[in-house]
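Scroll down for the structure; my scribbles are underneath it.
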Amino acid sequence: MGKDKYKVRNWQDYNRGLKKRGEISLWLNKEVLAGWEDNEKGSNRGRPCVYSDLAIETCLTIRKVFNLALRQCEGFLVALFRSLKIDLPVPDYTVLCRRASQLRLNIKSLGTSSKAIDLIVDSTGLKVQGEGEWKVRKHGAGKHRTWMKLHLGLDAASQQIMFSKLTTNAVTDEQAVEELPTVIAGSIKSFTGDGAYDKTTVRKMLHTARIKQIIPPQKNAVINKSGKAFLRSRNKAIADIKLQSRKDWKIAVNYHRRSLAETAMFRYKTVIGANLQARSLINQKVEAIISCNILNKMLQLIKPQSYKVK
């Protein structure tokens, strides 16, 4: 059986939107300029901060969009301010590195409705340091490669990233979503994830939050006869799969929309990259949130409207 083929319905608008993503039209709005310098008097001893958190976030966002190192980001901003005749200081690269660890950022999901969302969750790996795949395949690994794990949750309707968590590769998928209902503002109607989330902790968390479970049980799973309420959805899935087939069950519960999460991962690695630039874990977490906010903003420019070719 061949792979399904899709065509883009709004190709002209989508084509213009893709080109617009590459337009270099830089400006800083009045709110950013007005809040560039930190005018708040803190209660801590020592010299007060020169730059606001908004200024640091803006600089790090520009850095990530253009894939710059910290020194090149500083030089880029100096040239930008000079060309725009903005009489404001530019943070030093050491200030950007130090202040990044102090930022407390949240995911900015744009254009989402206030209704309950269908959440799709998945994870992927991001390299911190190490050699490329070609070098390892051709000449073997010369040094140990390290990587982090990025967990994403997106709204199935808008494809906006609603949840992001960067962890070490020792953290499992179910551990990353244990506090999911308290992290996302608003209500979650359903949770769709692969078999890695078929764990007792996840099932119990979803049942307590009254979230519909769309998680395929393991192939050798059997019905649990303990009568626990949070396992009813899993037991029903096991029974339905035995009556039909795993493929028919996935179609019936619309499980295949989980591919949207894989598309989001592909979008992240294509636009942002598969590597993390920061070295400390706390700065890497800030970098991941900024990257997700960039993708959410870019997705607002244009989104393809695809349909299946029969």
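The values are calculated or read from the model by the stated rules, or taken from the named source; none is laboratory data. Remember, predicted model here, so these are calculated numbers, not experimental data. So basically every Cβ, Gly included, is an ideal-geometry build from the backbone, and we count neighbours across all protein chains shown. With ligands, DNA and RNA removed, areas are computed over all heavy atoms of the protein, side chains included. Shrake-Rupley method; radii C 1.70, N 1.55, O 1.52, S 1.80 Å.
Data overview
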{"item": "Protein accessible area in the range 210-259, 1.4 Å probe - carbon and sulfur %", "result": "51"}
{"item": "Ranked by how many other beta carbons lie within 10 Å on average, peptides 223-229, 205-211 from highest", "result": "205-211, 223-229"}
{"item": "Given charges at beta-carbon only (K, R positive; D, E negative), |dipole| of the range 178-310 in Debye", "result": "520"}
{"item": "Cα-projected label distance for ARG279 with THR146, points at 7 Å along beta-carbon direction, nm", "result": "1.0"}
{"item": "Computed lengthening from ASN67 to GLU23, 0.36 nm per intervening residue step minus Cα-Cα distance", "result": "14.3 nm"}
{"item": "In degrees, nearest ten, helix 70-83 long axis to first principal axis of the chain (Cα)", "result": "60"}
{"item": "Ranking by accessible area, most exposed first, for ARG203, ARG257 with a 1.4 Å probe", "result": "ARG257, ARG203"}
{"item": "Beta bridge orientation in the chain: antiparallel %, DSSP, nearest 5", "result": "70"}
{"item": "Mean shadow area of the chain over all directions, Cα convex hull, nm²", "result": "22.1"}
{"item": "Most positive-pole-ward Cα, SER259, ILE241, ILE215, against dipole of the range 196-307 from beta carbon charges", "result": "ILE241"}
{"item": "On Cα atoms only, tilt of 11-21 relative to the major axis of the chain in degrees", "result": "40"}
{"item": "Using a Förster distance of 22 Å, the FRET efficiency for THR208-LYS115 (Cβ separation, nearest 0.05)", "result": "0.55"}
{"item": "LYS236 accessible area, 1.4 Å probe, all protein chains in place, Å² to nearest 10", "result": "130"}
{"item": "Segment LYS236-ASN169, length gained on full extension (0.36 nm per residue, minus Cα span)", "result": "20.9 nm"}
{"item": "FRET E, pair LYS127, THR94, Förster distance 30 Å, beta-carbon r, rounded to 0.05", "result": "0.75"}
{"item": "Gaussian network model of the chain, springs between alpha carbon atoms under 10 Å - residue of MET162, MET148, MET298 with greatest fluctuation", "result": "MET298"}
{"item": "Structure-based [θ]222 nm, the chain - -39500 (n - 2.57) summed over DSSP H runs of at least 4, per residue, nearest 500", "result": "-12000 deg cm²/dmol"}
{"item": "Binned Cα-Cα distance frequencies in the range 194-236 - 5 Å width, integer %", "result": "5, 24, 37, 26, 7, 1"}
{"item": "Cα-centre dipole for the range 172-246 with unit charges at Cβ (Lys and Arg positive, Asp and Glu negative), debye to 20", "result": "500"}
{"item": "Fully extended contour minus Cα-Cα distance, from SER187 to GLU31, at 0.36 nm per residue", "result": "53.1 nm"}
{"item": "Solvent-accessible ranking of ASP87, ASP4, ASP122, largest area first, probe 1.4 Å", "result": "ASP87, ASP4, ASP122"}
{"item": "Whole-number accessible area per residue in Å² for the range 181-310, which is evaluated in the context of all protein chains at 1.4 Å", "result": "56"}
{"item": "Scattering profile of the range 144-248 at q = 0.15, 0.17, 0.19, 0.23 Å⁻¹ [log10 I(q)/I(0), Debye over alpha-carbon scatterers]", "result": "-0.70, -0.87, -1.03, -1.30"}
{"item": "Simple Cβ-charge dipole of the chain, Lys/Arg +1 and Asp/Glu -1, about Cα centre, in debye nearest 20", "result": "1220"}
{"item": "Under DSSP loop assignment and at most 12 Cβ neighbours within 10 Å, longest GluC sites (Glu not before Pro)-free interval of the chain", "result": "41-178"}
{"item": "Folded to 0 to 90 degrees: helix 259-271 orientation relative to the chain principal axis, Cα", "result": "20"}
